[in-house]
1. Within segment 139-254, what percent of beta bridges assigned by DSSP are antiparallel, to the nearest 5?
2. Report the paramagnetic label zone for HIS285: residues of segment 62-101 whose backbone N is under 19 Å from a point 7 Å from Cα along the Cα-to-Cβ axis.
3. Going toward the positive end of the dipole of the chain, with +1 on Lys and Arg Cβ and -1 on Asp and Glu Cβ, which of LEU47, PHE142, LEU218 do you reach last?
4. Work out how far the C-alpha atoms of segment 105-153 reach from end to end along every principal axis, then list the three figures in whole Å, largest first.
5. Using modelled amide H (1.01 Å from N, peptide plane; none on Pro or chain starts), what sits under 5 Å from the amide H of VAL4, excluding residues fewer than 5 places away?
6. How far apart, in nm, are the 7 Å Cα→Cβ label points at GLU91 and GLN246?
7. What base-10 log of the normalised intensity I(q)/I(0) is obtained for segment 15-114 from the Debye formula, alpha carbons as equal point scatterers, at q = 0.10, 0.18, 0.19, 0.20 Å⁻¹?
8. Run down the lysines and flag those whose C-alpha is under 19 Å from the C-alpha of LYS166, throwing out any fewer than 8 positions away in its chain.
Amino acid sequence: MSKVLSLADAIHEYITPHCSVFIGAAHEALIPFAAVYEIIRQGTQHLTFCAPISDIASDLLVGAGLVDCIHAAWSGNVSGGLGHNLRRAAEHGVPHAVEMVDYSNYAMALALQAAAMGVPFLPTRSLNGSDLIRSRAGFEPFMWHGQPLVAVPALQPDVVILGVQKADADGNATIDGPVGMTHESLMAARHVVVLCEELVAKGHLGQESWHLTVPGFLVDAVVAVPYAFHPSPCLGYYGRDTAFFQQYHRESRDPQEFRQWLQDWVYVDGHADYLRRLGKDRLTHVKSEEGVMSWP
């Protein structure tokens, strides 16, 4: 059976109530916002959101009332300094309270690696002396032959949605630029959905097999969507739309204005309508002029 699915079908199939989803493995690039918007459109509730740095992805899902728990090293809006929805949930329980499980970026990578290895935890020295040991349960200090270490419990997401530049129908995929925790998350997760900017013919990526970031045998579904990661950057295709993040920061300050923002940008007639609302001039402004890095 083909692994290529529409965005709506992939989200319906793999993002289910009460599941844990890992988003934004490459940190501030290749954040699969098209998938985040589709999750909101489908209204999948009681999610556990996992991410290192996912920019406004977590803030959007919290504001839409779909997230019960966040495992993250950072959440909010990078351009604005904080996420208004996340703050309302943490301070006032609006639209409802959200449990926060803190990590450092390195600790999250270790947690994923532990799950990939099938072990309950991995040790680290890096958390010694930090407030993370006090701010969350699960980081357990212990002594090993006189050395103070901290146990980082395994994190196994039900689904990881990975952003890549190119993929084929078998799920083989490449990433140009930083990959962040892509490898750790795809090895740890129970299901892998690849969101790509461009779908290429089978065998085409074999020419650059040394560069494969994602091996197809680990992938459950492949979704090809142009401008899939806007407003985050996709190296070789388009840059970061900082103005969009700033606009979101202004319009999410008030809960009623945030609901209007969802009507304007999310509760639309799919991703094609989202791009139409952005407009050709805005998309041209962020479009890369250098060309795709891997291909002359």
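1. Working: 10 of 23 bridges.
Of those bridges, close to 45 percent are antiparallel.
2. Residues 78-80 qualify, since their backbone N sits under 19 Å from the label point.
3. In the chain, that residue is PHE142.
4. 26, 26, 16
5. Placed amide hydrogens put VAL222 under 5 Å from VAL4.
6. 2.3 nm
7. -0.23, -0.78, -0.87, -0.97
8. LYS3, LYS202, LYS287
A short reminder: the numbers here are calculations on the coordinates, not readings from a lab. This one's a predicted model, so the numbers in the text were calculated from it and none came from an experiment. Note: ideal-geometry Cβ built from the backbone for every residue, glycine included; neighbour counts use all protein chains shown.
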